[in-house]
1. What are the ³J(HN,Hα) values, in whole Hz, obtained from phi via the Karplus relation 6.51 cos²θ - 1.76 cosθ + 1.60 with θ = phi - 60°, for each residue of the range 98-106 in sequence order, with x given for Gly and Pro?
2. Estimate the FRET efficiency between Lys9 and Thr92 by the formula 1/(1 + (r/R0)^6), using the beta-carbon distance for r and 35 Å for R0, to the nearest 0.05.
Amino acid sequence: IKQFMDCVKVPFVWYQLDSFDNDPVKFFEYLVKGLVTALPDFQVILPEFNLEDIKADKKFYRLMVSIINELENKANNGLIIIFDNLHSLKETDVLEFIEYFISYMPSTVHVRVSRGRQTVTKPSPPLVKMVKYKQEEYGWRDRDGVPKRNK
């Protein structure tokens, strides 16, 4: 993936996930910082919230929609987002965001999800199906250059 990213002329966010990203507040803070770095005009204001707020008040959903809408407006020339080490995530809210994001992302945004070399937890079946579909649609290839396909 790194070699591919070195060759492309499209802004990208490489989000190296770890166990700390199971906290949705931290996850969104890091994601928005990465998006601002890749797209300097990107502006999403993170509301003051905690985990209970996210689950009770649907701020999580509003934030997801804000991120997607802002990308629709600011990623006109393309953007690649790599969520690396997906196996590190266990928090359902974060996995649901990634699933929702892949489902509704703007056509100019491409997402690559990597589970790393080991699989500690499995993402939800819809996320796996969506990732496989998007990999095929956008021509992602494995380490040997073979196109990834649904099996």
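Read the figures in this text as sums done on the coordinates, not as results from a lab. Note that the coordinates shown come from a computational prediction; the quantities given were computed from them, not determined experimentally. Positions of Cβ are generated from backbone atoms using ideal geometry, with glycine treated the same way; all protein chains shown enter the neighbour counts.
1. 4, 4, 4, 4, 5, 5, 10, 5, x
2. Details: r = 36 Å, r/R0 = 1.03.
Rounded to the nearest 0.05, the efficiency is 0.45.
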